[in-house]
Structure formats: C-alpha cells, structure tokens
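Have a look at the structure below, then the notes.
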Amino acid sequence: MNNFRYIKFFLLSLSAFIGVALKAQDYKLPAYQQFTLKNGLTVYLMEQHDVPMISLSVILPAGAIYDGDKAGLASLTATALKHGTKKYPKARLDEELDFIGASVSTYASKESAGLSAEFAAKDKDKVLDIINDLLTAPVFDSEEFAKEKRRTLARLEQAKESPRSVIGSYFDKLLYGDHVYGNIISGTIGTVTGLTTADIQKFYAANYIPNGSAISIVGDFNSKEMKATITKMFSGWAKGKQENANLAAKPIAKPTGNRVLLVNKDDAKETTFYIGAPGISRNNPDYVAVSVINTLFGGRFTSMLNDELRVNSGLTYGASSRFSALKNGGSFMISTFTAGKTTEPAIDKALEVLKKLHTQGVDETSLASAKNYVKGQFPPGYETSGQLANLLTQMFWYKFDESFINNFQKNVDGLTLEKAKSIIATYFPEDKLQFVLVGKAADIKKIAEKYGPVTEVQIKEEPKKAF
C-alpha cells in the first residue's frame, strides 16, 4: 500500500510538473484593448473573469530624475497623494478603503511614479472615483506632510546604520555621476529637511500629467462599459507640458578606469560591497539573453557566484549579480557582504568568478539549466491580475509590446553557446570596474587601494552630488 501511494504521488507530481512545463512553453499574453484619450492618457483594459476582483496600475513621468537639487521630492509627492482630497479627506479615504477591503498604494521610482490598487469588482465605481480624485485633485495637507517628512527623516537616519540600505545610492552616485540616474530616490536628510508643501504642489503640477502616463485595468469587468467609465472619468484631467521631459536622455559618461568609493562606518564588523559597471537599457534587443546568462552567473541560488563565495569558500551567506535596466541605460552589479577580515579574499573571489565567466564561458549543460530555470520562472510572474496590470504599464513605459511575452520561450531557447559567448563579451564587464565598499576604513582602506584609486567618505555625511 505504501508503495502504491508513493507511485501515485510520484505520478501526480510528474503530471503537475509536465503541466507547468507545457504552460511555460505555451504562455501567451491574454487579449487586451488599448486606446488613448484626447488628453494623452493611454489606457489598457484586460478582462479576467476567474475571480471577482480588479487590479489597476498607473504609471506617470514623475520619478526622482525630476527632483533637481531637492532629492526625495518625487517620493514624498507620491506618498502625499494619499493624504487626501477635498472630496476624500485622509480620514474618510482610509475609512472608505478599509470598509470595502480595497488597497491603494503610491510610489516613486528612479524614472516614474505610480499608483496600484486592488478591489472587489462590485466596488469598482467607488474605488475608481477615489483613484481619479487622488490623481487629479490632491490637496497636499500641510499637517499630514509634516508628519510624513518626520517619518522620512527618521528612516533616513536609521538607514545609516544598515550598509545594505544605503549602498545602492552610493553606487548610483559613483556610476552615474551628475546624470539624473544618480539621483537618490529617498533623498537625504539635508534635502528632505528643506522640502515644503509648496515644493510638492509645484512638483505635482509639473509632472502629474495625463500625456506620457498610462493606466491599466485587469479583472472582472465588461470592457465596453469600463472604456466608457474611464473616458468620462479621466477626460477632465488637463493635459500638461512637462519641462525637461528628456532629462534622462542625456548621455551617461562611461568610466575610464577602475574606481573605489570607500564608505567608512567606524563600528562596522562586516564589509558590504558592490562591484559594477554600466549595464543595459530595458529595450535592449539582447535583454532576454543577458537575463539567462546572468541567471547562471549570479541570478539564482545555485549560481556561479553563490557557489564560489558561499558554498565552496564560506566567505558570505549569499552573493548575487543583477542588471538594473532603465529607459536610457542601466547598471550591472555584483553584491555581497563578508566579515571585515575576509574583505580581500571575498572581493578577489568575486573577481575570479567574473574572469572565469570570460575565460571559460558556459557549457551546454549549464546553459540548458539556466534556460529551464528562466522559462520555469516566467509564467508565474504574470499569473495574477495585479502582475498583468503592472506588465501593461511597463510595456507602455519601456516601449515593448506583447512579442516580448509571446516570444519569450522562443527567444530563451534560441540562445546558443556561440551567442552566449558574444553576450558575455559584450555585456559582462572585464575592466573599468566601479567598487563601493561600506565598512571600517581603518581596517580595509589598504585593501581597497588594491582595486583602484580610492575616494573615502563617512556614512554619517550627506552623499555628494557625484564622486
């Protein structure tokens, strides 16, 4: 009987695995509608009737690249949207959403700002009215803004105690220099302290405009009815003219050699470090191939980096690599942390693995493994209505169409060993590396000098505009 149960369990598991594999091979983006209002707002509608829920995603050209010398402004403006409107003061807004179990969140990223929501289909009229009011008629209550600013300042102060919380901002400053991609999304204590309600009102007026923005709605609704609702509701949103709309299109200066930024934290027992270089933009035609190779190199637990730095040498609890892709460029970075006394062997080992990628490349077995892993991870990323709503606004923002989804499996399978060799040589850096080390400078400065000219800063200081 036990053997029978085991065999039955095995067959069921095998069937499920085959089902997932077939689903991965056959995955296609569900049908959707796209139209643009007269004010320039692009709208995506995708019906999904499995669950009586609706997900919504909005993306706007209002990210940190427009902060100027007021770092943190885009982030605080996005947060302040939820401080209420005339029609929905904050207390009523929170009560209304809580009563119907709806969620609405706002955010700002490097390039864009956004709003996402999930709610029951029966509550669509109420929630859509709230979202329209938040996007088009926020009041930016000064009392609520003062509270939020205090919370933000407290978080920024606390972040200085956690190297992993701040190293990304230092890396962007080092890599991008004076380019707007170097802007710090969360801001600094110095810049946030000076922000006022008038600043966010001005930022909102300049950047929260329908033209250049998109809204996607996925879930249980009738597209014809939803189109009429959205058209009526959002057509009154006045079209704007965004100054400096192409700020990020400015060329990004390329590093001319190795550089090291050493961020001193006197009480640090560990060294947290990034090793990186310029990366790729999101619409790069080799995006999928780069993702597959990076999966093998440092994008999963059984990657080359993690095997060498964690499993084989015990130098860290985890090491990884990633490409952060934006509209006009991006970055590549290796990231990990290690005990102060093992800083040098950990950095050397990371560089050794990177060199090995170039000198030995990948073999058929490891490439097949990476391909299968990437294909297996792909469909689960677009299963829910929320994931699909976000995908549609990402398609709008980065200007790629459904062929990225529909041809994904084919493009992964089309990566040959010869192509992999070319991808490694083209996109994975060998030299002119940018190092950021956060640790106790007194112990690791001599080590840091081994990798390039060192600039030392204190973690308690405000990050400079560029290094």
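The values are calculated or read from the model by the stated rules, or taken from the named source; none is laboratory data. All of these numbers come straight from a predicted model, not from anything done at the bench. Positions of Cβ are backbone-derived with ideal geometry, glycine not excepted, and every protein chain shown enters the neighbour counts. Ligands, DNA and RNA are excluded from the accessible area calculation, which covers all protein heavy atoms including side chains. Shrake-Rupley method; radii C 1.70, N 1.55, O 1.52, S 1.80 Å.
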query = Is there a residue being among the charged types (D, E, K, R), open to solvent by 30 Å² or more (accessible area, probe 1.4 Å), without any contact (Cβ under 8 Å) to a residue 60 or more places away in the chain and not in a loop (DSSP other than H, G, I, E, B) anywhere in region 450-460?
reply = no
note = Of the residues in region 204-231, those that are in contact with a Ser or Thr (Cβ under 9 Å, 6 or more places away or on another chain), aliphatic (A, V, I, L, M) and over 12 Å from T36 (Cβ atoms) come to I217, V218
remark   = Checked region 375-398 for anything within 29 Å of K421 (Cβ to Cβ) and either within 18 Å of the chain's Cα centre (by Cα) or among the polar types (S, T, N, Q) (or both); matches are Q377, F378, G381, Y398
note = Filter region 287-322 for residues that are in contact with a strand residue (DSSP E or B) (Cβ under 7 Å, 6 or more places away or on another chain) and among the aliphatic types (A, V, I, L, M); the one that is most open to solvent (accessible area, probe 1.4 Å) is L315
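Please pick out the residue among A245, A198 that is touching a residue at least 24 places away in the same chain (Cβ under 8 Å) and over 30 Å from D267 (Cα atoms).
Details: A198 fails: touching a residue at least 24 places away in the same chain (Cβ under 8 Å).
Going through A245, A198 in turn, the sole match is A245.
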task = Test T416 against the stated conditions and say whether it is free of Cβ contacts under 8 Å to residues at least 12 places away in the same chain, among the β-branched types (V, I, T) and surrounded by fewer than 16 Cβ atoms within 10 Å (Cβ to Cβ).
result = yes
remark   = From the option list R151, R164, single residue qualifying as open to solvent by 60 Å² or more (accessible area, probe 1.4 Å), more than 30 Å from E47 (Cα to Cα) and either of a type in the set (S, T, Y) or in contact (Cβ under 8 Å) with a residue 40 or more places away in the chain (or both) is R164
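Of E364, E344, E352, which residue is acidic (D, E), touching a helix residue (DSSP H, G or I) at 6+ places or on another chain (Cβ under 7 Å), open to solvent by 60 Å² or more (accessible area, probe 1.4 Å) and closer than 30 Å to D266 by Cα? Spell out the reasoning first.
On the way: E364 fails: closer than 30 Å to D266 by Cα; E352 fails: touching a helix residue (DSSP H, G or I) at 6+ places or on another chain (Cβ under 7 Å).
After applying the criteria, what remains is E344.
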key: Tally, over region 362-380, of residues that are without any contact (Cβ under 8 Å) to a residue 40 or more places away in the chain and assigned to a loop (DSSP other than H, G, I, E, B)   = 0
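May I ask you to list the residues in region 232-269 that are more than 16 Å from P453 (Cα to Cα), polar (S, T, N, Q) and in contact with a Phe, Trp or Tyr (Cβ under 9 Å, 6 or more places away or on another chain)?
Q242, N244, listed by residue number.
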message = Among the residues of region 105-130, what is the count of those that are surrounded by fewer than 20 Cβ atoms within 10 Å (Cβ to Cβ) and part of a helix (DSSP H, G or I)?
response = 6
remark   = The one condition L309 fails out of (1) closer than 30 Å to Q409 by Cβ; (2) assigned to a helix (DSSP H, G or I) is (1)
ask   = Within region 69-91, is even one residue over 23 Å from K173 (Cα atoms), acidic (D, E) and out of contact with any Phe, Trp or Tyr (no Cβ under 7 Å at 6 or more places or on another chain)?
value = no
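Quickly run through region 400-446 and pick out the residues that are of a type in the set (S, T, Y), in a helix (DSSP H, G or I) and either in contact with a helix residue (DSSP H, G or I) (Cβ under 7 Å, 6 or more places away or on another chain) or at pLDDT 95 or above (or both). Write out each step before concluding.
Step one: of region 400-446, the residues of a type in the set (S, T, Y) are 403, 416, 422, 426-427.
With the extra rule that they be in a helix (DSSP H, G or I), the set shrinks to 403, 422, 426-427.
The answer is S422, T426, Y427.
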ask   = Only one of (1) at pLDDT below 95; (2) closer than 30 Å to P255 by Cα; (3) surrounded by 17 or more Cβ atoms within 10 Å (Cβ to Cβ) fails for L326. Which number is that?
value = (1)
task = Determine, yes or no, whether F337 is part of a helix (DSSP H, G or I), of a type in the set (F, W, Y), modelled with pLDDT of 95 or more and in contact with a strand residue (DSSP E or B) (Cβ under 8 Å, 6 or more places away or on another chain).
result = no
inquiry  = I need every pair where a residue in region 382-406 that is farther than 14 Å from E47 by Cα and open to solvent by 20 Å² or more (accessible area, probe 1.4 Å) has its Cβ under 6 Å from the Cβ of a residue that is outside any helix (DSSP H, G or I) and among the β-branched types (V, I, T), sequence separation at least 6 or different chains.
reply    = F396/T42
